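Here's the structure, in structure tokens; my notes come after.
The values are calculated or read from the model by the stated rules, or taken from the named source; none is laboratory data. Keep in mind that this is a model prediction, so the values were computed, not measured. Glycine gets a Cβ as well: all are built from the backbone with ideal geometry, and neighbour counts include every protein chain shown. Accessible surface areas use protein heavy atoms only, side chains included; no ligands, DNA or RNA. Shrake-Rupley method; radii C 1.70, N 1.55, O 1.52, S 1.80 Å.
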Amino acid sequence: MRLTTLHQTTRARLITADHPELPIRPTLRYTSADPFAVHIDFPAHVSADGEGVTWMFGRTLLEEGLVAPAGDGDVHIRPYGWARTVIEFHSPLGLAVIRFGTTPLRRFLLRSYDVVRPGAEDLGPELDHGLAALLDEV
């Protein structure tokens, strides 16, 4: 299987208590090597420690969150009006709320389907070997 990685930089707004809105340029990333996940890479200037930050969550969570509130863990996604989507990232250090345009998120999701069709995700032989080893010990 050929590995394919999709990158899409987009505009977003970081909503904080200190600043009503801070414009940011995160990069949406999807790779056939990790077909169930979406990654969002945030630039260093928006993190508390000055390092770039990457959040990862399920591609299906993004799909669900574009049409209705979704998520019950560290990442929550919900529509915000008809043209925007809010993604909340919860961590022990606090909460980050990012507002995206819905169209770029939807475009990225559709492009990810061109890389790996929904339902055709496969983690490859590594998963098969790991499961076999696990089940042999049961």
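Picking from residues in segment 47-67 that are open to solvent by 40 Å² or more (accessible area, probe 1.4 Å) and in contact with a helix residue (DSSP H, G or I) (Cβ under 8 Å, 6 or more places away or on another chain), the one that is farthest from residue 105 (Cα to Cα) is 50.
Out of 117, 107, one residue alone is under 18 Å from the mean Cα position of the chain (by Cα), in a loop (DSSP other than H, G, I, E, B) and at pLDDT 80 or above. It is 117.
Taking segment 78-96 only, how many residues are closer than 19 Å to residue 10 by Cβ and touching a Phe, Trp or Tyr at 6+ places or on another chain (Cβ under 8 Å)?
Here is the first cut: in segment 78-96, the residues closer than 19 Å to residue 10 by Cβ are 78-89, 96.
With touching a Phe, Trp or Tyr at 6+ places or on another chain (Cβ under 8 Å) added as a condition, the list becomes 84-87, 89, 96.
Matching residues across segment 78-96 total 6.
Scan segment 92-113 for residues that are charged (D, E, K, R) and under 17 Å from residue 41 (Cβ atoms) and report the count. Here the count works out to 1.
Pick from 112, 91: which is farther than 15 Å from residue 26 by Cβ, touching a helix residue (DSSP H, G or I) at 6+ places or on another chain (Cβ under 9 Å) and either among the hydroxyl-bearing types (Ser, Thr, Tyr) or modelled with pLDDT of 85 or more (or both)? Walk me through how you get there before you give the answer.
On the way: 91 fails: touching a helix residue (DSSP H, G or I) at 6+ places or on another chain (Cβ under 9 Å).
Just one listed residue meets the conditions, 112.
Do you know which of the residues in segment 20-33 that are among the charged types (D, E, K, R) and in contact with a Leu (Cβ under 8 Å, 6 or more places away or on another chain) is least open to solvent (accessible area, probe 1.4 Å)? Let's see the steps before the verdict.
First, the residues of segment 20-33 that are among the charged types (D, E, K, R): 21, 25, 29.
With in contact with a Leu (Cβ under 8 Å, 6 or more places away or on another chain) added as a condition, the list becomes 21, 29.
On the way: 21: 78, 29: 55 Å².
The selected residue is 29.
Looking across 70, 83, 44, 17, one residue alone is over 18 Å from residue 112 (Cα atoms) and surrounded by 14 or more Cβ atoms within 10 Å (Cβ to Cβ). It is 70.
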